[in-house]
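Enquirer: Pasting a structure below so you can have a look.
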Amino acid sequence: MEWVQQLINGISLGSIYALIALGYTMVYGIIKLINFAHGDVFMVGSFIGFYSITVFNLGFFPALIISMAACALFGVIIERIAYKRLRNATRIAALITAIGVSLLIEYGVIYIRGAQPEAYPDVFSNRSFAFLGAQISIQSILILSVSVVLMILLQFIVHKTKTGKAMRAVSHDTEAAKLMGINVDNTISATFAIGSALAGAAGVIFGVYYTKIDPLMGVIPGVKAFVAAVLGGIGIIPGAMVGGLVLGVVETVVSALGFSLWRDAAAFVILILILIFRPSGIFGKNTREKV
Amino acid sequence: MENKPLLEVKNAGIQFGGLKAVQNLNIKLNQGELVGLIGPNGAGKTTSFNLLTGVYVPTEGDILFNGERINGLQPFKVTRKGISRTFQNIRLFNELTVLDNVKVAYHSLATHTMLSSILRLPSHFKGEREMEEKALEFLRIFKLEKYKDELAKNLPYGQQRRLEIARALAAGPQLLLLDEPAAGMNPQETHDLMNLIGFVREKFDLTILLIEHDMNLVMGVCERIYVLDHGQLLAEGSPEEIRNHPKVIEAYLGEEVHDDNA
Amino acid sequence: MKKSKQFWLFIIAAVLVYAVVQFFIANGTMNQFYSNTFIFIAINIILAVSLHLVIGITGQFSIGHAGFLAVGAYISAIVTMKLDLPFIVAIIVGGMVAALAGLIVGIPSLRLKGDYLAIATLGFAEIIRIVFLNIDYVGGAAGMQVSHLTTWTYAFVCLVITIIVIVNFTNSRHGIAAISVRENEIASDAMGINTTYYKVAAFAIGSFFAGVAGALYSHNFYIIQPSQFGFLKSFDILIFVVLGGLGSLSGAVLSAILLTVVSTYLQGYPETRMIIYSLVLILVMLYRPKGLMGTMEITDYFKLWRTPKGGDQHGK
């Protein structure tokens with residue numbers, strides 16, 4: 001059952017995209033910024049996980065948690081230093097700044113540790129079992145479960161906690177939220193912290209799953225996660241999850257059909273088609289400029 | 001020909017999602033009239049302008065200009081047919097000079113091609129000179145000449161409003177739509193503006209449709225008035241008729257009471 | 001009259017710059033390294049000025065300019081290497097096919113604005129790159145051998161033509177129309193400007209010159225590969241326009257010169273170069289979001305300088 005196997009591969013890849021896409025979509029929803037540096041937070045998370053496991057001999061879960069915490073902090077620092085001043089700037093100025101931050105992180109990491117890739121250590125035994133004729137590794141089951149747990153946790157935070165409610169209020173109407181006594185600055189920082197933590201988790205999972213990491217690894221998954229966010233409807237959290245999964249499956253199918261060199265193009269074709277025909281995404285509502 | 005209206009709006013309306021922003025709009029403007037369009041906030045006045053100018057495509061009804069259907073035309077085509085407008089929130093080309101702002105409006109009347117400009121052919125120089133002369137003439141009429149090399153964003157507010165009207169007129173319209181031209185002006189400026197509107201109307205043989213909040217102003221200058229409320233026409237008539245129209249009084253009083261509570 | 005005086009001053013200055021550099025190249029004072037740097041500066045200025053037309057003048061935020069550069073580079077290489085036609089033909093064909101690509105990208109992108117448009121153009125550029133990656137005829141990932149045909153003369157003539165065309169476009173009713181689209185698209189439309197036409201025209205003209213730059217670029221190396229035309233190349237071009245000032249042609253030219261020189265000296269330290277680039281990008285956006293020159297041109301500074309304080313607008 002080749003197809004079941006491919007589907008599972010696609011879902012695993014898609015859940016990584018989805019985890020990254022969540023950060024994009026939350027940040028865009030709240031300050032209308034395409035945080036280009038988000039893919040690089042993912043990369044940093046992956047490296048933090050790597051060093052936690054290899055240098056400090058930690059297991060997968062401690063490494064995951066350390067990476068998430070460190071990325072949350074990192075995301076907040078980026079927001080406070082670079083993006084906070086841009087609240088009233090044009091969106092283009094904000095986008096260019098984000099591109100700058102992205103390049104700075106990438107080449108900063110290369111400057112510090114060099115551009116050479118690292119091989120992620122095996123943290124799980126490579127056992128697998130047969131399911132519907134497909135070989136499923138324990139690893140992919142764990143990865144999927146971690147992703148699902150994180151997404152459920154996120155839904156809980158957004159809908160049930162005070163911070164989550166504040167986030168939704170700010171993204172709906174910043175001015176009104178301010179008048180209601182919500183601390184907008186802290187809420188935005190919290191959004192960055194949560195989004196970056198998810199990217200950090202995605203980084204560790206990516207490392208475990210694909211085993212090779214390098215300082216520029218965040219560029220392509222970052223852009224693709226953005227595509228996933230747009231596909232689902234940017235600013236909409238369930239949209240990012242669905243968008244990520246759809247994109248992961250589509251890419252895997254394209255590869256499986258023998259067009260693996262075209263795999264990267266698939267994401268961009270989807271992006272352009274979506275932007276042109278349904279810019280608000282699968283779950284989005286259309287809005288128009290007021291004249 | 002005599003009786004044929006310049007603009008005829010027949011049962012036009014538009015829906016956004018399920019919301020009917022404007023419905024059953026019926027307006028007739030004859031050549032040379034100065035007509036007011038009034039109504040409480042959110043009544044659909046600016047939306048009506050957007051329907052007339054092609055910014056929105058009506059989901060129902062028809063808009064005829066000189067007997068020709070214009071609904072569904074893109075805004076720049078509507079402008080070229082002879083309807084031009086100003087905006088409630090001033091929309092000037094801020095980083096262009098005052099002169100260039102007016103020149104933009106002349107664009108569609110000029111004929112020299114992009115290629116002739118790139119190659120600097122004689123037709124380019126001739127065309128640009130003509131545009132500049134016409135634009136300067138307009139600035140003179142509006143007493144904006146001394147600001148011609150100033151960036152539009154640097155003009156005082158009242159002058160920006162004047163410039164926007166000058167720019168709209170430079171596009172050579174038969175019908176001019178003014179969206180709250182006196183908003184934010186002091187009484188003296190408003191008075192001057194009204195004189196100016198009267199003057200250009202005579203000089204350019206214009207038909208004008210005017211949205212305005214200032215009741216005294218509307219009652220003072222308009223020959224006929226349409227009243228909109230909740231996206232529908234509430235009344236139509238001479239200023240005198242409108243002043244005494246029970247429904248209009250109700251709509252406006254309703255709004256005032258509402259305002260007091262808010 | 002004043003404008004034409006400016007024009008002739010520009011031509012004289014251009015001929016002087018050309019002659020001096022050509023003299024030093026011809027008599028051997030300037031070695032390969034320096035002459036290459038000059039050619040590179042010319043190519044980068046062409047790229048900067050062509051993107052300036054799209055972003056700075058028309059306000060369409062395209063961040064995928066490297067895609068058009070790639071089209072010009074590959075198509076021109078096919079013309080000289082596979083079809084054995086002269087270089088000049090390759091430059092023109094490269095530009096024309098890139099312009100066509102610009103039309104294809106421009107037309108669907110018209111429905112998009114601001115950051116959405118930016119992302120779409122980035123996506124288009126990436127698709128173009130992946131297409132070349134998958135065509136065996138042009139060598140796929142391994143790349144394609146190209147003869148070294150670009151000379152200082154070719155580069156400089158192309159540069160001068162690019163600047164003249166774009167300046168002439170800008171200083172005409174067409175340029176004002178394009179700027180009006182940038183300033184306020186809705187008002188521009190309401191003034192009878194066919195905004196679609198000017199957006200597509202800007203994309204096509206901008207892409208044409210990016211294609212020309214591509215032809216010069218590919219024939220200045222011995223090999224071209226798809227990896228040379230990725231995101232980073234697009235950002236390299238973007239930074240010229242952003243640093244110089246969105247809307248300022250002379251700003252784009254100056255920053256292209258400055259950054260080309262800087263990156264030539266940092267060639268051995270690519271990550272230092274990228275760190276400097278990214279810091280420049282961030283700092284400019286945070287502290288001077290309109291770029292170093294805003295929408296001002298060099299000639300405006302001369303005007304200000306001649307009329308003390310710059311207050312008197314009539315004193316010409």
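Enquirer: Based on the Cα gyration tensor of the stretch A:175-291, what are the three equivalent ellipsoid semi-axes, each the root of five times an eigenvalue, rounded to whole Å and given largest first?
Expert: 30, 22, 10
Enquirer: Find which of A:H172, A:I34, A:S260 sits farthest along the positive direction of the dipole of the stretch A:2-277, computed with +1 on the beta-carbon of Lys and Arg, -1 on that of Asp and Glu, about the Cα centre.
Expert: A:H172
Enquirer: Separate question: Could you list which residues have their amide H under 5 Å from that of B:E60, counting only those 5 or more apart in sequence or on another chain, with H placed in the peptide plane?
Expert: Excluding prolines and chain starts, which carry no amide H, the hits are B:G13.
Enquirer: For the stretch B:125-262, state the semi-axes of the equivalent ellipsoid (square roots of 5 times the eigenvalues of the alpha-carbon gyration tensor), sorted largest first and rounded to whole angstrom.
Expert: 34, 17, 12
Enquirer: Turning to a different aspect of this structure: Tell me, what is the FRET efficiency for B:M215 and C:Y197 to the nearest 0.05, using R0 = 41 angstrom and their Cβ-Cβ distance as r?
Expert: Given R0 = 41 Å and the Cβ-Cβ separation, E is 0.45.
Enquirer: Determine the distance separating the Cα centre of the stretch B:11-63 from the Cα centre of the stretch C:186-215; give it in Å without decimals.
Expert: 33 Å
Enquirer: Sticking with the crude label model, points 7 Å out along Cα→Cβ, report the distance from A:L273 to A:D185 in nm, one decimal please.
Expert: Distance between label points: 4.6 nm.
Enquirer: So what are the ³J(HN,Hα) numbers for the stretch A:234-248, from phi and the Karplus equation (6.51, -1.76, 1.60; θ = phi - 60°), rounded to whole Hz, Gly and Pro as x?
Expert: Each residue of the stretch A:234-248 in turn: 5, x, 10, 5, x, x, 5, 5, 5, x, x, 5, 4, 4, x Hz.
Enquirer: Also: Debye calculation, C-alpha points only, no solvent: report log10 I(q)/I(0) for the stretch C:1-81 at q = 0.14, 0.16 Å⁻¹, in the same order as the q values.
Expert: Taking Cα atoms of the stretch C:1-81 as identical point scatterers yields -0.77, -0.93.
Enquirer: Most exposed first by the Cβ proxy, i.e. fewest other Cβ within 10 Å, how do C:C158, A:C71 rank?
Expert: C:C158, A:C71
Enquirer: Now a separate question. With unit charges on the beta carbon (Lys/Arg positive, Asp/Glu negative), name the residue among C:F235, A:S128, A:G10 whose Cα is farthest towards the positive pole of the charge dipole of the protein assembly as shown.
Expert: It is C:F235.
Enquirer: For n ≥ 4 DSSP H runs only, could you compute -39500 (n - 2.57) per run for chain C, divide by its residues and tell me the 222 nm figure to the nearest 500?
Expert: For chain C, the value works out to -23000 deg cm²/dmol.
Enquirer: Specify the residue with the greatest mean-square fluctuation among B:G18, B:G127, B:G61, computed from a Gaussian network of chain B linking alpha-carbon atoms under 10 Å apart.
Expert: Result: B:G18 has the largest fluctuation of those listed.
Enquirer: Now a separate question. To the nearest 0.05, how large is the calculated FRET efficiency for B:L121 and C:L85 if R₀ is 35 Å and r is the Cβ-Cβ distance?
Expert: 0.70
Enquirer: Give a residue-ordered list of calculated ³J(HN,Hα) values for the stretch A:175-184 (Karplus: 6.51 cos²θ - 1.76 cosθ + 1.60, θ = phi - 60°; whole Hz; x for Gly, Pro).
Expert: Karplus-based 3J(HN,Hα) across the stretch A:175-184 equals 5, 5, 4, 4, 5, 7, x, 7, 7, 5 Hz.
Enquirer: Roughly speaking, what is the stretch gain from A:T211 to A:S260, that is 0.36 nm per residue apart minus the C-alpha to C-alpha distance, in nm to one decimal?
Expert: 15.7 nm
Enquirer: Modelled label-to-label distance, C:L16 and B:Q232, 7 Å Cα→beta-carbon offset: nm?
Expert: The two pseudo-label positions are separated by 7.6 nm.
Enquirer: Where Rh denotes the Kirkwood radius from the mean inverse Cα pair distance, what is Rg over Rh for the stretch A:2-277?
Expert: 0.97
Enquirer: Further, regarding this structure: When the gyration tensor of the stretch A:111-261 is built from Cα positions, what are the square roots of 5 times its three eigenvalues, in whole Å, from largest to smallest?
Expert: Whole-Å semi-axes of the equivalent ellipsoid: 33, 19, 17.
Enquirer: For the stretch B:159-262, with only Lys/Arg (+1) and Asp/Glu (-1) charged at the beta-carbon, what is the dipole magnitude about the Cα centre, in debye rounded to 20?
Expert: Computed about the Cα centre, the dipole is about 520 debye.
Enquirer: Order of A:E2, B:E130 from fewest to most other C-beta atoms within 10 Å?
Expert: By the 10 Å Cβ count, ascending, the order reads A:E2, B:E130.
Enquirer: Where both residues lie in the stretch B:61-213, what percent of DSSP beta bridges are antiparallel, nearest 5?
Expert: In the stretch B:61-213, approximately 25 percent of DSSP beta bridges are antiparallel ones.
Enquirer: Below 8 Å, C-alpha to C-alpha, sequence gap of six or more: please give me the relative contact order for chain B in percent.
Expert: 26 percent
Enquirer: If neighbour count is taken as other Cβ atoms inside 10 Å, put A:D122, B:D62, C:D84 in order from fewest to most.
Expert: C:D84, A:D122, B:D62
Enquirer: For B:G42, list long-range residues whose amide hydrogen, built 1.01 Å from N in the peptide plane, is under 5 Å from its own amide hydrogen.
Expert: For B:G42, whose amide H was placed from the backbone, there are no distant partners under 5 Å.
Enquirer: Counting only residues 5 or more places away or on other chains, whose amide H sits under 5 Å from the amide H of B:L37 once H atoms are built in the peptide plane?
Expert: B:L210, B:I211, B:E212, B:Y226
Enquirer: Below 8 Å between Cα atoms, with a sequence gap of 6+, how large is the relative contact order for chain C in percent?
Expert: Relative contact order for chain C comes out at 29 percent.
Enquirer: So what's the back-of-envelope 222 nm ellipticity for chain A, counting only DSSP H runs of four-plus at -39500 (n - 2.57) apiece and dividing by all residues, rounded to 500?
Expert: Helix contribution divided over all residues of chain A: -24000 deg cm²/dmol.
Enquirer: Sticking with this structure for a sec: Starting from the alpha-carbon convex hull of chain C, give the projected area averaged over all orientations, in nm².
Expert: Quarter of the Cα hull surface area: 17.6 nm².
Enquirer: Given 4 °C and 1.567 mPa s, how large is the Stokes-Einstein diffusion coefficient of the stretch C:84-218 in µm²/s, with Rh as the Kirkwood radius over Cα pairs?
Expert: 78 µm²/s
Enquirer: Starting from 0 in steps of 5 Å, tell me what percent of the Cα-Cα pairs of the stretch C:59-119 lands in each bin.
Expert: 4, 19, 23, 18, 13, 10, 7, 4, 1
Enquirer: What ranking, highest mean first, results for peptides C:175-182, C:212-219, C:289-296 when packing means the other Cβ atoms within 10 Å averaged over each residue?
Expert: C:212-219, C:175-182, C:289-296
Enquirer: Give the calculated FRET efficiency between A:T161 and B:K153 to the nearest 0.05, with a Förster radius of 56 Å applied to their Cβ-Cβ distance.
Expert: 0.80
Enquirer: Quantify how strongly other chains surround peptide C:277-283 by giving the mean number of their Cβ atoms within 10 Å of each of its Cβ atoms.
Expert: 6
Enquirer: Quick one, what does Rg over Rh come out to for the protein assembly as shown if you take C-alpha atoms and the Kirkwood Rh?
Expert: On the Cα set of the protein assembly as shown, Rg over Rh gives 1.01.
Enquirer: Taking beta carbons within 10 Å but only from partner chains, what does the mean come to for residues B:96-102?
Expert: So the per-residue partner count for this stretch is 3.
Enquirer: Based on the Kirkwood radius over alpha-carbon pairs, what is the Stokes-Einstein translational diffusion coefficient of the stretch C:200-241 at 20 °C with 1.002 mPa s viscosity, in µm²/s?
Expert: 187 µm²/s
Enquirer: Turning to a different aspect of this structure: If the elastic network links every pair of Cα atoms under 10 Å, which of B:L121, B:L25, B:L206 fluctuates the most in the Gaussian network model of chain B?
Expert: B:L121
Enquirer: For the stretch A:2-277, with only Lys/Arg (+1) and Asp/Glu (-1) charged at the beta-carbon, what is the dipole magnitude about the Cα centre, in debye rounded to 20?
Expert: 700 debye
Enquirer: Can you tell me what share of the DSSP beta bridges in the protein assembly as shown is antiparallel? A percent to the nearest 5 is fine.
Expert: Counting DSSP beta bridges with both partners in the protein assembly as shown, the antiparallel share is about 65 percent.
Enquirer: Please turn the phi angles of the stretch A:148-165 into ³J(HN,Hα) values with the Karplus equation 6.51 cos²θ - 1.76 cosθ + 1.60 (θ = phi - 60°), one per residue in order, whole Hz, x for glycine and proline.
Expert: 5, 4, 4, 5, 5, 4, 4, 4, 4, 4, 5, 9, 10, 9, 5, 4, x, 5
Enquirer: Among B:I141, B:I225, B:I14, determine the one that fluctuates most according to a GNM of chain B built with springs between C-alpha atoms less than 10 Å apart.
Expert: So, out of B:I141, B:I225, B:I14, the one fluctuating most is B:I141.
We did not get these values from a lab; they are worked out from the coordinates using the rules stated. Owing to the predicted nature of the structure, the values given are computational and were not obtained by experimental measurement. Cβ: placed from backbone, ideal geometry, glycine included. Neighbour counts: every protein chain shown.
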